[in-house]
Amino acid sequence: MRASQLKSGGLVRQRGAALLIALLSVALAVLLATELVERSQRDVARTTAVVNAERAWQFAEGVEGLARDWIRRQRQVGPGVRLPDGQWSEPFMVPGGSVRGRMFARDGRFNLNALASRDPAVAADGRRTLLRLLTLLNVDPALGESIVAMYGGGGASPATTRIHLSELNRLERFTPEMRRRVEPYLALLPNAEARINVNLALPEVLAAAVEGLSIESARSLIARAPFESLAEVLAQPEFAALNAVAVRRRLAVESEWFLVQAQVSLDGMVRDYFRLVGASGNRYDFRYLSQGVP
């Protein structure tokens, strides 16, 4: 009897061990299958994200073409008709979402890259304009001197063009609050000698750019905009006693550079792309083409 009982107990233990091994094998198989499924899902999600990013990029390219069409039509009508500056287009439906765009003219601001001109006279004039502008804005001129030095205006190093206003963040005086104050008056355009569009300029920018023009005269002039031609601008009483040659060199009635924003919504994700576009047909790749950073 005892031998029979021992034999029976051994069989039970063997069956229990076999069951435990079977359960562990099933659990391990389930874990492996779950990991494979999750990995497959991650791969699918990653591939979908890459595909959507590429699709969004292509749709953003299409918005640039739309902006160029706006510019071309405006040029055909004349400067008296304003571009849809800052206004969103109607959304265009695309598979999985929608696309819309808008553009902002940048020629009504002071171009900081004038400080980096290879022509010493243009660079010096840019420095004077910047300092006058900051004075009109009640900003410490020391900030202007710091910006000039950053561009290499001291002559110790080659002048350096800048791409984005955030590059000035390294300056101690260029605090976030200061940036909010001066940003509406500043631009970074690739052409150091880009002229200011009098039809879009703020009074402070215009008064700073044209030596001898007071802020009151600038406000009075802008109140009568838009102007059809530069000759019409020069015929205004505010310019009667000023140097017409210098004014022609500094002002324009049309814009050459536009910041184009494309907003692409795909599968619930919104992406914003910004690019500086020239009216001449040249694209200036300003290297911060990005999502959400104008």
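Cβ neighbours within 10 Å, averaged per peptide: list 53-66, 159-172 in order, most packed at the top.
53-66, 159-172
Using 0.36 nm times the number of residues separating THR34 and GLU177, minus their current alpha carbon distance, what extension gain do you get? Walk me through the numbers before you get to the answer.
Values: separation 143, 0.36 × 143 = 51.48 nm, distance 5.13 nm.
Extra length available between THR34 and GLU177 comes to 46.4 nm.
Roughly what would the spin-label model give for SER220 and VAL122, points 7 Å off Cα along C-beta, in nm?
3.2 nm
For a quick check of your reading of the filter: which trypsin sites (Lys or Arg not before Pro) in region 89-135 sit in a DSSP loop and have no more than 12 other Cβ atoms within 10 Å?
ARG118
As a footprinting exposure proxy, order TYR151, TYR185 by other Cβ within 10 Å, with the fewest listed first.
TYR185, TYR151
Looking at region 228-272, which GluC sites (Glu not before Pro) are in a loop (DSSP not H, G, I, E or B) and have at most 14 other Cβ atoms within 10 Å?
Values: sites: GLU228, GLU232, GLU238, GLU254, GLU256; in loops: GLU228, GLU254, GLU256.
Those that pass, being in a loop and sparsely packed, are GLU228.
Since every read-out is calculated from the coordinates, none of them should be taken as a lab result. On a predicted model such as this, the values are computed, not experimentally measured, just so you know. Because the Cβ atoms are built from the backbone with ideal geometry, glycine has one as well, and the counts that use them run over all protein chains shown.
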